[in-house]
Amino acid sequence: MRIAVQAENDAIESRVAATPETVKSLAALGAEVTVETRAGRNSAILDEAYAAAGATIAPDAAAAVKDADVVLRVRRPAAAELAGVKPGAVVLAILDPYDHIDALQSLAGAGVSAFAMELIPRITRAQTMDVLSSQANLAGYRAVIDAASAYERAIPMMMTAAGSVQPARIFIMGVGVAGLQAIATARRIGGVVTATDVRPATKEQVLSLGAKFIAVEDDEFAAAETAAGYAKPMSPEYQAKQAALTASHIAKQDIVVTTALIPGRAAPILITAEMVRSMQPGSIIIDLAVERGGNCELSRPGETVVTDNGVKIIGNLNVAGRVPATASALYARNLLAFLKPLIDPETKNLAINWDDEIVKATVLTREGALTHPNFQATAT
Ligand code: NAD
């Protein structure tokens, strides 16, 4: 079995889908691994390190995928990057399938079985494969580091001979995987931290991290979590009460990190332009939901907006990719964990159980067609 690791060509992508550590593990499973030259360049991994782990270095994308049974990627490959790929080869990547049916059809046309890593179900057996969690955790961490570096003041309380410095007030909106890590990071660097969410289960988590929980805790809040553990879209009445609470709290905050998402929908707007106007000059908003429309009315994808009243609203893209070496290490381990059960330990070849719950949830294309039920209606 041959496994190819391609370099990422998207300018915003700094991660890589395998590390020397996972190359060794893949070789131990019986694979011959080929890595495209300079694939690890932005994650502090040189070709020599891959070669020392047992990989062959290929001069370009086409040479990497030649005869490959499996192609490992971070982002969805363009058709040209898969030129010459073997029909039936397995492609693992974050495929970003919604609104990209044409690109999926092109993958189907290439004859590959393409698996969307972001669709891995959040069941216990799949925890080690959960790329959403591994990357969201780092995004939450990096968001606070980015905020601290853009903030013109010190974060922790300091008692000095020249007088004392007040600690920064940091507010985390949305307490999923990213939000929890943002709270922990903000506490570690000395902020006074508050956090909010619509799911009641988050209250105890916030308190256990030493932060204060701020939320409208009415009957709707008590029932805001779906069976799958996600937030429900809230009613206009709840949103109005939440906005009033946020408005009074946010005016006193120095740094706000927003992470609120609802699966399959645009991100909810939690910070209006009026709320931004109430903030002090030098305050920072980091909008981690910016790629899904944003939690702040004024945030722009990939841009830092500085308002007339001196508030910086930072809309960095691919925030996990701003910690590329760590993000790659965790992503690569997620892919390894996903791939292992697809390989027969005896023959050391792919032996995919197409009826497996995790396989069914993630495979989008197979044998030349778009096969995932969620994409059938739009497939032609
Ligand atoms: P997410 O990225 O979908 O959303 C981030 C947070 O935003 C969530 O906590 C959500 O409740 C919150 N939110 C949504 N609308 C909001 C609003 N209007 N105001 C304030 N907050 C709002 O969430 P996630 O990080 O993917 O985690 C979702 C859940 O899945 C959590 O309970 C998490 O613990 C759970 N989870 C389970 C597993 C597993 O079992 N393997 C793995 C990862 C996460």
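Throughout, read-outs are computed from the coordinates displayed, never taken from laboratory work. Note that the coordinates shown come from a computational prediction; the quantities given were computed from them, not determined experimentally. Note: ideal-geometry Cβ built from the backbone for every residue, glycine included; neighbour counts use all protein chains shown.
Dipole size in debye (nearest 20) for region 138-322 around its Cα centre, Lys and Arg Cβ +1, Asp and Glu Cβ -1?
480
Mind pulling the angle between the C-alpha long axis of helix 131-150 and the longest principal axis of the chain? Nearest 10 degrees, somewhere in 0 to 90.
Its long axis makes an angle of about 40 degrees.
Working out 0.36 nm times the residue gap between D96 and A11, then minus their Cα-Cα distance, what length gain in nm do you get to one decimal?
Result: 29.0 nm gained on full extension.
Equivalent ellipsoid semi-axes for region 138-322, as square roots of 5 times the alpha carbon gyration tensor eigenvalues: give them largest first, rounded to whole Å.
After diagonalising the Cα gyration tensor, the semi-axes are 25, 18, 16 Å.
Can you tell me the alpha carbon radius of gyration of the chain divided by the globular rule-of-thumb value 2.2 N^0.38 Å?
1.07
Once Lys and Arg get +1 and Asp and Glu get -1 on their Cβ, which of N316, L107, V193 lies farthest toward the positive end of the dipole of the chain?
Result: V193, furthest along the dipole toward the positive end.
Output the 0 to 90 degree angle, nearest 10, between the alpha-carbon long axis of helix 236-250 and the longest principal axis computed from the alpha carbons of the chain.
That works out to roughly 70 degrees.
Mind listing which chymotrypsin sites (Phe, Trp or Tyr not before Pro) in region 303-380 are in a DSSP loop and have 14 or fewer other Cβ atoms within 10 Å?
W354
Antiparallel versus total DSSP beta bridges in the chain: what percent is that, nearest 5?
Roughly 25 percent of the beta bridges in the chain run antiparallel, per DSSP.
Assign unit charges at the C-beta atoms only (+1 for Lys and Arg, -1 for Asp and Glu), then state the dipole size of the chain relative to its Cα centre in Debye, rounded to the nearest 20.
Magnitude of the dipole: close to 740 debye.
With each label point set 7 Å from Cα along the Cα-Cβ vector, what nm distance links L46 and T160?
Between L46 and T160, the simple spin-label model gives 4.0 nm.
Just list whichever of K24/K340; K203/K241; K252/K312; K24/K348; K66/K360 have alpha carbons separated by over 21 Å in the model shown.
With Cα atoms farther than 21 Å apart: K66/K360.
Taking Cα atoms, how many degrees apart are the long axis of helix 324-339 and the longest axis of the chain, rounded to 10 and kept between 0 and 90?
Its long axis makes an angle of about 50 degrees.
In region 138-322, what percentage of the DSSP-assigned beta bridges are antiparallel, given to the nearest 5?
Percentage antiparallel, nearest 5: 25.
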